[in-house]
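Heads up: the structure comes next, in structure tokens.
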Amino acid sequence: MTRTGGQEERRGRLRELVTTKGFVRTSDLAAEFGVSVMTIHRDLDALQAQGWLRKVRGGASCLPSTQFHGSVGERMGSWPPL
């Protein structure tokens with residue numbers, strides 16, 4: 001498996017986890033995937049930039065907030081933005 005392939009697969013699994021659970025901890029993700037916490041932070045940064053989640057202290061969430069209206073599913077369903 002190439003590095004890029006592994007990265008994309010991991011990020012896909014991260015999206016599924018945060019969408020299913022609503023909140024995930026970076027330390028738990030690092031242990032589950034066998035990578036460093038910094039690798040998870042980079043993955044979460046990329047997924048946040050794509051609108052899949054938002055990084056919060058200690059982890060990531062896909063729950064609605066004052067910054068994001070609605071859930072990740074609702075936001076992605078309205079893509080591209082008008």
Test of understanding: what is the full-extension gain from THR39 to GLU16, defined as 0.36 nm times their sequence separation minus their Cα-Cα distance? 6.5 nm
Projected label distance in nm at GLN7 and ALA49, using a 7 Å step from Cα toward the beta-carbon: 1.0 nm
Given backbone amide H placed at 1.01 Å from N, residues whose amide H is under 5 Å from that of VAL56, ignoring those fewer than 5 places away on the same chain, are SER61
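Since every read-out is calculated from the coordinates, none of them should be taken as a lab result. Everything quoted here is computed from the prediction, not taken from an experiment. Cβ sites come from the backbone with ideal geometry, for glycine too, and all protein chains shown count toward neighbours.
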